[in-house]
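Step one of this worksheet: look at the structure below.
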Amino acid sequence: MFNLPATSLTAGGLAVGLAIPVHFASHWLKANFKSKKKDWKTLIPFAGGVAYGGMASMCTGGLIAFGAGLITLLGNGAGSLAMWGITGGNTTRAVRATPVELSAEGNIVMFLLTIAVFGLWKAIKSEEKKLAKRGIVCGVLLGLSAVLGGAVAVSVIPAVNNVGAQLLGAVG
């Protein structure tokens, strides 16, 4: 069906993936730096988007993988163009090209998470939707990086695969 898997991240795509949380953090710090009571709730939509995007980058097919692949393709291109324009350097070197994949059981969990995201989408505020979208793009791009992708591959993906296996075993 749709197959544009997110399997290769360039240095330019990594730059875009890192620029998003840096931009978000700078705005959040500006708004909360002098305040004694920090507004931690504003971090939830962004962090949730990053988590979902990181898992989406581990899908191997279907609409979620197509979307993650498209985000990666556009992020790689935009980041390479921006980095070339700003620094003049070559940013086409692949940073990571071997994704860890969700198993069939893990895909069940990802499917259910996607249903939950669609269910919650109407209930969240417009500003939170923007933060969640930025988080998803950041999660997809950093999900293929060596650091976040490695952390997701070692901890989150096996846990999701195990939850899916337990769910399948309990229901099936």
Extreme residue, farthest from G77 (Cα to Cα), among residues of the stretch 19-37 that are under 16 Å from the mean Cα position of the chain (by Cα) and open to solvent by less than 90 Å² (accessible area, probe 1.4 Å): F24
Checking A51, A97, A78, A47 in turn, the sole residue that is open to solvent by 50 Å² or more (accessible area, probe 1.4 Å) and modelled with pLDDT under 85 turns out to be A97
Restricting to the stretch 122-149, what's the tally of residues that are closer than 20 Å to G75 by Cβ and either modelled with pLDDT of 80 or more or touching a strand residue (DSSP E or B) at 6+ places or on another chain (Cβ under 8 Å) (or both)? 19
Go through (1) within 25 Å of A19 (Cα to Cα); (2) modelled with pLDDT of 90 or more for G119 and report which single condition fails. (1)
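Out of all the residues in the stretch 54-63, which are open to solvent by 20 Å² or more (accessible area, probe 1.4 Å) and either in contact with a strand residue (DSSP E or B) (Cβ under 6 Å, 6 or more places away or on another chain) or in contact (Cβ under 8 Å) with a residue 60 or more places away in the chain (or both)?
G61, G62, L63
Which of the helices (runs of 4 or more DSSP H) contained wholly in the stretch 53-172 include at least 1 residues that are acidic (D, E)?
104-121, 126-143
The values are calculated or read from the model by the stated rules, or taken from the named source; none is laboratory data. If you're wondering where the values come from, they're calculated on a predicted model, not measured in any experiment. As a convention, Cβ positions derive from the backbone with ideal geometry for all residues, glycine included, and neighbour counts pool all protein chains shown. Just so you know, the surface numbers come from the protein's heavy atoms only, side chains and all, with ligands and any DNA or RNA stripped out. Shrake-Rupley method; radii C 1.70, N 1.55, O 1.52, S 1.80 Å.
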